[in-house]
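Novice: What follows is a structure written as structure tokens; I'll ask about it next.
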Amino acid sequence: MKVVVDTNVLVSALLSRTGPPRIILKLLLSKKAEWLVNDLILEEYEEVLGRRDFGFKPSQIQALMEFIRRYGVHVPYLPQKVSVPHVDDLPFLLCAQQGEADTLITGNKKHFPFRDQPFHIESPAEFINRIS
């Protein structure tokens, strides 16, 4: 199973020790699913996780980013003209398309109003319910 994880899901997983985002993170860390990323997603993860508001320790961020870089599946970013409600979400959509993902997991489904994709666009809860 190949998944793309929106940054909001990753942040939620790190802020709470329970719930669907945390279950997804555990699934990825145990390598039971392939974590698809591209350079822009990695940059966003690092920038957002480094924000002081969240209070994540730099060592924790570094360890997680090293894991993702080592075990994540790197999908080359091939820019395309696609209309998305929020331009910051384009790297996630393109990664899912270009990496032939099974699912794009996001806490903001309204940012991905695409029904004709060959992959699921699901909230963390929807994803967990479907694979359980």
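The values are calculated or read from the model by the stated rules, or taken from the named source; none is laboratory data. If you're wondering where the values come from, they're calculated on a predicted model, not measured in any experiment. Here the Cβ positions follow ideal geometry from the backbone for every residue, glycine too, while neighbour counts run over all protein chains shown. Calculation scope for accessible area: heavy atoms of the full protein, side chains included, ligands and nucleic acids excluded. Shrake-Rupley method; radii C 1.70, N 1.55, O 1.52, S 1.80 Å.
Novice: Can you list residues whose amide H is under 5 Å from Leu104's amide H, if they're 5+ apart or on another chain and H is modeled 1.01 Å from N?
Specialist: Distant-sequence amide H within range of Leu104: Val4, His120, Ile121, Glu122.
Novice: Further, regarding this structure: State in Å² the accessible area per residue of the stretch 34-132; use a 1.4 Å probe, count heavy atoms of protein chains only, and round to the nearest integer.
Specialist: 60 Å²
Novice: Further question: Taking the Cα centre of the chain as origin and charging only Cβ (+1 Lys, Arg; -1 Asp, Glu), how large is the dipole, in debye to the nearest 20?
Specialist: Working: 16 positive and 16 negative charges, 102 e Å.
For the chain, the charge dipole is close to 480 debye.
Novice: With each pseudo-label sitting 7 Å past Cα toward Cβ, what's the Leu78-Arg52 distance in nm, one decimal?
Specialist: 4.2 nm
Novice: Once amide H atoms are placed 1.01 Å from N in the peptide plane, what residues at a sequence separation of 5 or more from Phe112, or on another chain, have their amide H within under 5 Å of its amide H?
Specialist: Sorted by chain and number, the residues that satisfy this come to none at all.
Novice: In whole Å, largest first, what are the principal axis extents of the Cα atoms in the chain?
Specialist: Computed over the Cα atoms, the extents are 39, 32, 26 Å.
Novice: Also: What percentage of the solvent-accessible surface of the stretch 80-132, computed with a 1.4 Å probe over protein heavy atoms, is contributed by carbon and sulfur atoms?
Specialist: 47 percent
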